[in-house]
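Enquirer: Would you mind keeping the following structure in view while I ask a few things?
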């Protein structure tokens, strides 16, 4: 049963790739008609947004992660590319579909960090829905009436950063629509898990600037969730009443971003993201919220 989402994604990747490739054999679409997917190659693109934002932390004892600087850095060569933290090798390139091998940092560890710099790559932008989750207590009538203190991230063993890698499929079925699918696995032997990500985004440009909205669906395996949010013998000193085994989760998310040019180089930018965590993660005694929200607003300068 644990493998079903992986098989589903592989089937979807093959189906979409075959469908769009077949369409292109009938009609090759000029790049200028699908400018959403066209990027100047062999050129570094750099911009930086300065302002304030915050990513809420769903873990008890964890601090909200501040965002002061958001670099936007990407480079696309003939095959190799770097796009805001994603390092990839393009396997197949067409005007409306691209298949790549990619690797990227797994950001689950960030919830356990207390010394992040407030610099974020990409458009991860906050708020939170509080949920009071208390650990199991002694049965009624027990002799120990001492209240058990809620578990905090400082009480458990350190979780490690991981590097994930796998296959990425980018599709542009319409000039205003971008679909991205990823199938990733742990390359570093940290959590030994997998995840798949599907994102659909569309953009509209008018006299009030460029507005992009998107929807995501992320699946994370039991091994991944259990490594970061499970509690067991590795967490020495933690009472067994807190022990918890993580479960695979589906995590939907909604995103929005707004870009308003002030002149050729300066723009006003705002973005936000709301992600639901799924019970396999939020039922952990470490968690106190069922969703994570991110926001950022500031000014952007294009170099």
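Enquirer: Could you work out how far apart the two model spin labels at residue 78 and residue 245 are, taking each label as a point 7 Å from the Cα in the direction of the beta carbon, and quote it in nm?
Expert: Those two pseudo-labels are separated by 5.2 nm.
Enquirer: Report the label-to-label distance for residue 46 and residue 207 in nanometres (one decimal), using points 7 Å from each Cα along the Cα→Cβ vector.
Expert: That separation, rounded to one decimal, is 3.7 nm.
Enquirer: For the range 70-93, list residues with backbone N below 12 Å from a point placed 7 Å from the Cα of residue 180 toward its Cβ?
Expert: It comes to 73-74, 82-88, nothing else.
Enquirer: Tell me the label-point distance for the pair residue 68, residue 163, using the 7 Å Cα-to-Cβ offset, in nm and rounded to one decimal.
Expert: Result: 2.9 nm between the two label points.
No lab work stands behind these numbers, since they all come straight from the coordinates. Quantities reported herein were computed from a predicted structural model and do not represent experimental measurements. Ideal geometry is used to build each Cβ from the backbone, glycine not excepted, and the neighbour counts take in all protein chains shown.
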